[in-house]
């Protein structure tokens, strides 16, 4: 059951990221084609920026799930086993705390943005476009928690968990 949930979460993030990438490519290509034809789209730049932000937040959650973010795994792996688990737990607490704060403040900011709209598309509220901040932060936290059991297991091991760092 847990494995199916993990795989489903990963698949959901992959689909969202792929759709956002396709949407961004379509918007950029449309913008270029229309500009070359002499009929610039007024909404192109604003929508492309929003799609890029969304892609960044959802992509960050996917990277967190895969533990592909920049980190200090070499330092953790070089730490003596009795200290390794503590370092991992401390790191996880810091990361989850940061993203919890980001999510909370993201929700606060959404209240401030009530009534604001995009400049080029006034029918779209800024609140909607900026909702990616708290949503992305919550997804990042979920990704960290879902992959945490494996990370804790690796931290308890006596040898580093990176194959390129292990002895042959």
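Here is how the numbers come out for the structure above:
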item: Number of the exception - residue 110 against (1) over 17 Å from the mean Cα position of the chain (by Cα); (2) more than 28 Å from residue 15 (Cβ to Cβ); (3) assigned to a helix (DSSP H, G or I); (4) without any contact (Cβ under 8 Å) to a residue 60 or more places away in the chain; result: (2)
item: Condition broken by residue 153, with the remaining ones in (1) in contact with a helix residue (DSSP H, G or I) (Cβ under 8 Å, 6 or more places away or on another chain); (2) closer than 28 Å to residue 17 by Cβ; (3) at pLDDT below 90 satisfied; result: (1)
item: For residue 40: the one exception among (1) free of Cβ contacts under 8 Å to residues at least 12 places away in the same chain; (2) under 23 Å from residue 95 (Cα atoms); (3) assigned to a loop (DSSP other than H, G, I, E, B); result: (2)
item: Residue in the stretch 129-141 that is closer than 30 Å to residue 78 by Cβ and at pLDDT 90 or above present; result: yes
item: First in the stretch 80-100 and surrounded by fewer than 14 Cβ atoms within 10 Å (Cβ to Cβ), second anywhere and in a helix (DSSP H, G or I), Cβ under 8 Å, 6 or more apart; result: 81/156
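The values are calculated or read from the model by the stated rules, or taken from the named source; none is laboratory data. A quick note: this is a predicted structure, and the numbers were derived from the prediction, not measured. FYI the Cβ positions are ideal-geometry reconstructions off the backbone, even for glycines, and counts take in every protein chain you see.
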